[in-house]
Amino acid sequence: MSARSPRAGAKRVPPPRPTGDGTERLYSIGELAQELEVTTRAIRFYEAKGLIAPVRRGVHRSYSRRDRARLRLILRGKNLGFTLEEVAQYLRLYDADPAQIAQTQMLLAHVERAIGHLQEKRADIDRTLKELKEIRNQCAEHLSRKDVASAGALKS
């Protein structure tokens, strides 16, 4: 899945730095929301759907590098038009298949299907554009004949 393009003027968050004490770097929901350019509500939604599982300390959530990577995959899948169920299936395979064979096969099948749908949409758009241009030309021709006829009637 491809990377998201940043919004114009969006502030980029620097990549995580090692903590230095051997512990894993954790992220707050605000840090992830800013870095990934999503709302905290969206992140909580993905948590409610079971796609990520942050550590909870009271009312605060702490997200690991794994959660961060999963969020990136979720957002990439969403941007490519995959359903949330398809993304969830992809993530389950990601966790279960260390060789990533099944995951890659599933991704390839989804990508091929998405390419087919987009090519169909492109053909539909091309047909519609051709038809609209023909109608535009007919309208312009009709109006130019009316202009000539009305100009001739004014001279009489």
Are any of the residues in the stretch 125-144 within 18 Å of the chain's Cα centre (by Cα), at pLDDT 90 or above and charged (D, E, K, R)? no
Quick check: anything in the stretch 74-96 closer than 30 Å to GLU35 by Cβ, loosely packed, with under 11 Cβ neighbours inside 10 Å and not acidic (Asp, Glu)? yes
Check off (1) assigned to a loop (DSSP other than H, G, I, E, B); (2) touching a Lys or Arg at 6+ places or on another chain (Cβ under 8 Å) for GLU47 and give me the number that stays unchecked. (1)
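The values are calculated or read from the model by the stated rules, or taken from the named source; none is laboratory data. Just so we're clear, the structure is a prediction, and the values are computed from it rather than from any experiment. Quick reminder, even Gly has a Cβ in these numbers, built from the backbone with ideal geometry, and neighbours come from all protein chains shown.
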